[in-house]
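The values are calculated or read from the model by the stated rules, or taken from the named source; none is laboratory data. Computed from a predicted model, the values in this text were never measured in an experiment. Please note: Cβ atoms are built from the backbone with ideal geometry, for glycine as well, and neighbour counts cover all protein chains shown. Ligands, DNA and RNA are excluded from the accessible area calculation, which covers all protein heavy atoms including side chains. Shrake-Rupley method; radii C 1.70, N 1.55, O 1.52, S 1.80 Å.
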Amino acid sequence: MFRTKAQQRAHCGTCPVARVADLVGDSWSILILRDLLEGPRRFGDLEESLHGISSRTLAKKLKSLEEHKMITRTEHREKPPRVEYELTDAGHAFHSIIDAMRAFGSQYLPAA
């Protein structure tokens, strides 16, 4: 998050766009949601898909998305232990935003 708590209260209290920006205002969170649109993923799968993300950053982003009820974390009692992350209904609702970003990026920001 780039804003102070006071700034968040001032902007996010009345503006839904500001609230969403605070939730997913960084590329890692958006890319995690993008990957989870394909189905449940394990931590290692996400880490591999998101080239360059540190384990610490990934854990922090997953925790934040879970706290905001965008994803769920399920622990499977196996050996070795397995944890999967998947989208909640709120996370699935973000699909149209990801699609709009994909369309915009394809049309206005061609690959290098």
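Select from the range 38-112 those chymotrypsin sites (Phe, Trp or Tyr not before Pro) which occupy a DSSP coil region and have at most 13 other Cβ atoms within 10 Å, ordered by residue number.
Passing both the DSSP loop test and the Cβ count: no residue.
Just the protein heavy atoms count here, and of the accessible area of the chain at 1.4 Å, carbon and sulfur take up 56 percent. Taking a ≥ b ≥ c as the square roots of the eigenvalues of the alpha carbon gyration tensor, the chain is oblate, as a/c is not under 1.5 and a/b does not beat b/c. Shown for the chain: lysine pairs separated by 8 or more places, or found on different chains, whose C-alpha atoms are under 19 Å apart, numbering 5. Taking GluC sites (Glu not before Pro) in DSSP loop conformation with at most 13 other Cβ atoms inside 10 Å as exposed sites, the chain has its longest uninterrupted site-free stretch at 39-77. Split the chain at each of the trypsin sites (Lys or Arg not before Pro) in a DSSP loop with at most 16 other beta carbon atoms within 10 Å, and the longest piece is 4-68. Accessible area per residue for the chain, computed on protein heavy atoms with a 1.4 Å probe, is 69 Å². Distance between the 7 Å Cα→Cβ label points at Ser54 and His76: 3.0 nm.
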